[in-house]
1. Of the cross-linked pairs Lys100/Lys209; Lys121/Lys204; Lys245/Lys279; Lys71/Lys209, which ones have a Cα-Cα span greater than 29 Å in the structure shown?
2. Can you give me the long-range amide H partners of Leu213? Hydrogens built in the peptide plane at 1.01 Å from N, cutoff under 5 Å, separation of 5 or more residues or another chain.
3. If Lys and Arg each add +1 and Asp and Glu each add -1, what is the summed charge of the other residues whose beta carbon sits under 15 Å from the beta carbon of Gln91?
4. Determine by what factor the alpha-carbon radius of gyration of the stretch 171-222 differs from 2.2 N^0.38 Å, reporting the quotient.
5. Could you list, bin by bin from short to long, the percent of Cα-Cα pairs of the stretch 77-186 in 5 Å steps?
6. Quote the charge dipole size of the stretch 187-269 about the Cα centre in Debye, to the nearest 20; the model charges only the Cβ of Lys and Arg (+1) and of Asp and Glu (-1).
7. Across the stretch 140-205, how large is the tail of the calculated P(r) beyond 18 Å, expressed as a percent of all Cα pairs?
8. For the stretch 157-162, take each phi angle, set θ = phi - 60°, evaluate the Karplus expression 6.51 cos²θ - 1.76 cosθ + 1.60, and give the result in whole Hz per residue in order, putting x for glycine and proline.
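Computed from the coordinates by the stated procedures, all read-outs in this text should not be read as laboratory data. The model shown is predicted, which means the values in this text are computed figures rather than measured ones. Counting neighbours? That spans all protein chains shown, and the Cβs are built from the backbone with ideal geometry, glycine included.
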Amino acid sequence: MGCLISQLAAKLAFFPPAPATYQVKARDDGRLVAVSATSAAPISGAADDPSLDVRVVETKRGNKIVAFFLKNPYARLTLLYSHGNAADLGQLYDLFLQLKANLRVNIMGYDYSGYGASTGKPSEFDTYADIEAAYECLETEYGVSQEDVILYGQSVGSGPTLHLAARLPRLRGVVLHSGILSGLRVLCHVKFSFCFDIYKNINKMHKVKSPVLVIHGTEDDVVNWLHGDRLWKMARDPYEPLWIKGGGHCNLELYPDYIRHLRRFIQEMENMTTQTRLKKIRQTLRLPKRSNTSPSSTTRCCEMKCQKPRCFECSKPTCPKCCCWPKCPEWRPKCPKCVCFKPGCVKCWCWCPKCSCCCCFTNCACW
């Protein structure tokens, strides 16, 4: 039953372009290139772009997905872009060029299973495996560390983005562009999560420890603006959101505020020092501050002070003259009739009820 529901949800949620807008072919030197699906010519501008690297990555579910990596020589951060529905990398290449130049970042975009030239069929769990494979490629092939990655998810892409963000606590940041609370909540207003729902971002948002920027259009007729507003309010480290007045679902990139606000977010993430990031993570985890004195020694010291009896000669807990019990000659254990607390051996000053020295229970005349 669950499998049938998942298949039905996949048919309703995923609309890959048919046919795909590009194909992947190998040149004589072995390098992969993306060519137009309607002609043998490369995608416009891609043939002469030395910064573009086309890769085919295998996922843990056995599919082979296509990824575009665009390198900016001045970049300090890398954007891992998860696109929306009804689009593939052939349509997004021009956008990637603009983001790479205006934001001064490296960009990796990938096609989900069943999209573009990627193999397999699209499903929720396949997209999770797809983004994990793309991130692993960034680490192994390009040497990008977790601390230098910003995850970017648009619409349906917010699902795999939050799936990975919830598992990587040291990410530099997360961007949710027209994100969704869940697949079912896009269709109707429900207060509870159901087993057949997909992309339950509402249950994952609180697990993201990185700064989160939410971008949403106020006139979005596909994913209501309330989705973005709820996601932003649920974030543990929310960044100032961008609500584009009059913006729809697929045209936010056309507004000047989009690039301006996104560039400011990227710059602040670049300038964020390691110490500041650790401080924020510690605050979200509610960890106590470190102190120079170890907790164990402090507790032990307090326990010793509480257990030490006072010297009857000087009435001080730590007498420099007699060094306190058990060396203080002025102190004697007393019986209950003499207002003492515990019986003891008067001969050898021990606390044992049965002393091996004198084999007495107590030498007090009152007992």
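1. The answer is Lys245/Lys279.
2. Under 5 Å from the amide H of Leu213: Val174, Val175, Leu176, Tyr239.
3. Counting the neighbours of Gln91, the net charge comes to -4.
4. Here the Cα radius of gyration is 1.24 times the empirical estimate.
5. Final binned percentages: 2, 12, 24, 27, 21, 11, 3, 0.
6. Roughly 420 debye for the stretch 187-269.
7. Pairs farther apart than 18 Å: 41 percent.
8. Per-residue couplings from phi come out as x, 5, x, x, 5, 6 Hz.
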